[in-house]
Amino acid sequence: MASFSATHCPYSASINGGQKQRFAFSSSSSLRLSAPAKAKVFLHHSPRDSHQTAVLMQDGVVVSEVTHKEIETPKEKLKDDLLSFTSTKELDAKSGFDGNENESTVSITVVGASGDLAKKKIFPALFALYYEDCLPKHFTIYGYARSKMTDAELRNMVSKTLTCRIDKRENCSEKMDQFLKRCFYHSGQYDSEENFSQLDKKLKKQEGGRVSNRLFYLSIPPNIFTEAVKCSSLSASSGNGWTRVIVEKPFGRDSESSAVLTKALKQYLAEDQIFRIDHYLGKELVENLSVLRFANLIFEPLWSRRYIRNVQLIFSEDFGTEGRGGYFDNYGIIRDIMQNHLLQILALFAMETPVSLDAEDIRNEKVKVLRSMRPLRLEDVVVGQYKSHSRGGVTYPSYTDDKTVPKDSLTPTFAAAALFIDNARWDGVPFLMKAGKALHNRGAEIRVQFRHVPGNLYNRNFGTDLDRATNELVIRVQPDEAIFLKINNKVPGLGMRLDRSNLNLHYAARYSKEIPDAYERLLLDAIEGERRLFIRSDELDAAWALFTPVLAELEEKKIIPESYPYGSRGPVGAHYLAARYNVRWGDLDIEQ
Ligand SMILES: NC(=O)C1=CN([C@@H]2O[C@H](COP(=O)(O)OP(=O)(O)OC[C@H]3O[C@@H](n4cnc5c(N)ncnc54)[C@H](OP(=O)(O)O)[C@@H]3O)[C@@H](O)[C@H]2O)C=CC1
Ligand SMILES: O=C1O[C@H](COP(=O)(O)O)[C@@H](O)[C@H](O)[C@H]1O
């Protein structure tokens, strides 16, 4: 038997304090026992019943667990108890360990490896995980695409995309070399079982007879998803471990096409093998949303129609669709950003307290809130499209200047919408969404505007514009992550003048650590079988049900989008929409 030590990955999954956290065991506290290398200890503290539980998992399977009633039980004691209750035999039997080779492998195949997303996000995220010791000891990465490339050419391509974190540069080039040695390439068609069989042979060789776990990342255009899933699952699934498939959006373009895609995927994969990625769920501040709500007493009592006047979900990019017009024109901003990223944030924001932090409990609550929403109506939507604009001697293009976009395209590059949740908590509260490309800045944020203070004690000091005195909680997802609360306070001095100030959690000032990219978190979760941040098929159905009618109407009625200049704040219609619900967009506030 080989000995193992608990992972040194600083993000290794652990549930603690009611919130899934990832933390490192320092080398002094690392666990050593005779057991296969993939065993990991998860600590869970349930604030509801004051229990603490330690769970030993291997390859996604719970091997053993102990629970202590005392909330203060030290982590080390929990771990010791757990391990003393767990025999090596138990570990071996439950993990499918063959007793001969005590380690399993993970093979990660990036399908569409020659593409933009693979280069920009997936390979760099895999390297970051490797650098942090978060990948299993035995792993192999395969690039798969039609382009002809040798292993060396793939490594060369990947090497150009790798960087080290600012705060982690030690032995970086050495680590890059070691990582690249684990990267290989196989050229094949996406609809060829034979080509995937050839890949299977290569994977088997790398896996060397160990228990093989396989992750396929489909980083390819949606029209070839189904064929790629079919061929990879029929010809290159693992024979003795798990096989999981990460699917990139778009998951269809309306309810009907999404259902067709889901049905097609489920011919070859079980739901628990499908990891539908929404990378916004992997962003640090989106993860923090639940912590903010459920780990702080002060917010939850305010989190309802009683105190919240409106909620705003805002996404903006200061560049157009340059280079992605071909894809974008078939989808538009509502499908590209609102139906997925912003709606997922809304669901997390508005859901009821889940029974636990278990993936299914969280996803159950998200589905409930999505199903309580009113389908979006045409009169509650404003669409826009950017036009050419010259500034400082530079001319920025129109959306339709892109050669891959038809000149008469009506595809919206901007949209604003008012959504409503018809449940007891949120009845009547407008949830305003705004998303646009080629705007004046890049950012994503959640703004919660609270009701006005009742009575008129300080109204005289606020002046006539009560909105200016509104408490506002801002969760700035990116860039320059921050959470701040706008409050009213007295200007120091003998007089009585009121001022607006921010109680500010500014991440760069508070934490010296660089924030990991969303793709790192999501890839690690997929490897560990953690589904919390991936979209379940019923969530997807509920999301499409909200947007499909209005998307159809926009297309049938050929609604002409309002023009807005490249680099502006978007069409004026967005202000009229907000004003209809007595809302002022918070991001337009000069003080921000
Ligand atoms: N790029 C991004 O920022 C984001 C992308 N996505 C999604 O991720 C997936 C991948 O995106 P991205 O990397 O930009 O896509 P690409 O257009 O770069 O395509 C990826 C690879 O797929 C192959 N491919 C492209 N078009 C076709 C085609 N018509 N038929 C067969 N193969 C084709 C090409 O490889 P080869 O020719 O070598 O086979 C290409 O390198 C898409 O679903 C996209 O919607 C999601 C969020 C952001
Ligand atoms: O999914 C998408 O997201 C990106 C924006 O992602 P971010 O992490 O850079 O904010 C967007 O540009 C793209 O159009 C969309 O498909």
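The values are calculated or read from the model by the stated rules, or taken from the named source; none is laboratory data. Remember, predicted model here, so these are calculated numbers, not experimental data. Cβ atoms come from the backbone with ideal geometry, glycine included; neighbour counts cover every protein chain shown. Ligands, DNA and RNA are stripped out before the accessible areas are found, and what is left, the full protein with its side chains, is counted by its heavy atoms. Shrake-Rupley method; radii C 1.70, N 1.55, O 1.52, S 1.80 Å.
In the set Leu505, Leu466, only one residue is more than 16 Å from Lys283 (Cα to Cα), open to solvent by 50 Å² or more (accessible area, probe 1.4 Å) and touching a His at 6+ places or on another chain (Cβ under 7 Å); that residue is Leu466. Candidates are the residues of region 182-195 that are more than 29 Å from the chain's Cα centre (by Cα) and outside any loop (DSSP other than H, G, I, E, B); the one that is nearest to Phe225 (Cα to Cα) is Glu193.
Does Phe179 qualify as being among the aromatic types (Phe, Trp, Tyr), within 27 Å of Ser233 (Cα to Cα) and more than 14 Å from ligand 1 (Cβ to nearest atom)? Yes: the conditions hold for Phe179. The numbered conditions (1) touching a residue at least 40 places away in the same chain (Cβ under 8 Å); (2) open to solvent by 10 Å² or more (accessible area, probe 1.4 Å) are all true for Gly392 except (1). Per the listing Gly384, Gly325, Gly320, the residue uniquely under 17 Å from Ala416 (Cβ atoms), open to solvent by less than 10 Å² (accessible area, probe 1.4 Å) and either basic (Lys, Arg) or within 16 Å of ligand 2 (Cβ to nearest atom) (or both) is Gly384.
Table: residues versus (1) out of contact with any Phe, Trp or Tyr (no Cβ under 8 Å at 6 or more places or on another chain); (2) among the β-branched types (Val, Ile, Thr).
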position	(1), (2)
His506	no, no
Ala509	yes, no
Ser512	yes, no
Ala518	no, no
Leu522	no, no
Ala526	no, no
Asp541	yes, no
Thr548	yes, yes
Ala552	yes, no
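The residues on offer are Glu472, Glu520, Glu514, and the sole one that is acidic (Asp, Glu), closer than 30 Å to Phe139 by Cβ and open to solvent by less than 50 Å² (accessible area, probe 1.4 Å) is Glu520.
Quickly run through region 293-329 and pick out the residues that are of a type in the set (A, V, I, L, M, F, W, C) and in contact with a helix residue (DSSP H, G or I) (Cβ under 9 Å, 6 or more places away or on another chain). Phe294, Phe299, Trp303, Ile308, Val311, Leu313, Ile314, Phe315, Phe328, listed by residue number. Considering region 492-502, and only residues there that are without any contact (Cβ under 8 Å) to a residue 40 or more places away in the chain and aliphatic (A, V, I, L, M), the residue that is least open to solvent (accessible area, probe 1.4 Å) turns out to be Met496.
Examine region 202-209 for a residue that is within 14 Å of ligand 1 (Cβ to nearest atom) and either buried (at least 19 other Cβ atoms within 10 Å of the Cβ) or in a loop (DSSP other than H, G, I, E, B) (or both), and state whether such a residue exists. Taking every residue of region 202-209 in turn, none turns out to be within 14 Å of ligand 1 (Cβ to nearest atom) and either buried (at least 19 other Cβ atoms within 10 Å of the Cβ) or in a loop (DSSP other than H, G, I, E, B) (or both).
Would you check if Ala444 is open to solvent by less than 20 Å² (accessible area, probe 1.4 Å), more than 25 Å from Pro549 (Cβ to Cβ) and within 16 Å of ligand 2 (Cβ to nearest atom)? Judged against the criteria, Ala444 is a match. Of the residues that sit in region 292-317 and are closer than 25 Å to Leu577 by Cα and out of contact with any strand residue (DSSP E or B) (no Cβ under 8 Å at 6 or more places or on another chain), which one is farthest from ligand 2 (Cβ to nearest atom)? Looking at residues that are closer than 25 Å to Leu577 by Cα and out of contact with any strand residue (DSSP E or B) (no Cβ under 8 Å at 6 or more places or on another chain), I get Arg306. State all residues of region 321-377 that are within 16 Å of ligand 1 (Cβ to nearest atom) and assigned to a loop (DSSP other than H, G, I, E, B); if no residue qualifies, say none. Selection gives Thr321, Glu322, Gly323, Arg324, Asp329, Asn330, Tyr331. Selection over region 378-414 of residues that are under 31 Å from the mean Cα position of the chain (by Cα) and assigned to a helix (DSSP H, G or I) gives a count of 5.
The set of residues in region 437-456 that are touching a His at 6+ places or on another chain (Cβ under 9 Å) and either over 30 Å from Arg391 (Cβ atoms) or assigned to a loop (DSSP other than H, G, I, E, B) (or both) contains only Ala438. Identify the residue in region 137-166 that is assigned to a helix (DSSP H, G or I) and either away from ligand 1 (no atom under 14 Å from the Cβ) or over 25 Å from the mean Cα position of the chain (by Cα) (or both) and, among all such residues, is farthest from Phe196 (Cα to Cα). Only one residue tops the list, namely Ser159. A residue that is farther than 16 Å from Asn310 by Cβ, touching a helix residue (DSSP H, G or I) at 6+ places or on another chain (Cβ under 6 Å), assigned to a strand (DSSP E or B) and within 16 Å of ligand 2 (Cβ to nearest atom) can be found somewhere in region 415-436. Condition check for Ile483 on (1) open to solvent by less than 50 Å² (accessible area, probe 1.4 Å); (2) modelled with pLDDT under 95; (3) among the hydrophobic types (A, V, I, L, M, F, W, C): one failure, at (2). The residues of region 224-251 that are more than 16 Å from ligand 2 (Cβ to nearest atom), over 22 Å from Glu520 (Cα atoms) and not in a loop (DSSP other than H, G, I, E, B), listed by number, are Ile224, Thr226, Glu227, Ala228, Val229, Lys230, Cys231, Ser232, Ser233, Leu234, Ser235, Ala236. Within region 253-269, the only residue that satisfies the criterion of being free of Cβ contacts under 8 Å to residues at least 12 places away in the same chain and open to solvent by less than 50 Å² (accessible area, probe 1.4 Å) is Ser257. For region 545-561, state whether one or more residues are closer than 22 Å to Met351 by Cα, open to solvent by 20 Å² or more (accessible area, probe 1.4 Å), modelled with pLDDT of 95 or more and in a loop (DSSP other than H, G, I, E, B). Among the residues of region 545-561, not one is closer than 22 Å to Met351 by Cα, open to solvent by 20 Å² or more (accessible area, probe 1.4 Å), modelled with pLDDT of 95 or more and in a loop (DSSP other than H, G, I, E, B), which makes the answer no.
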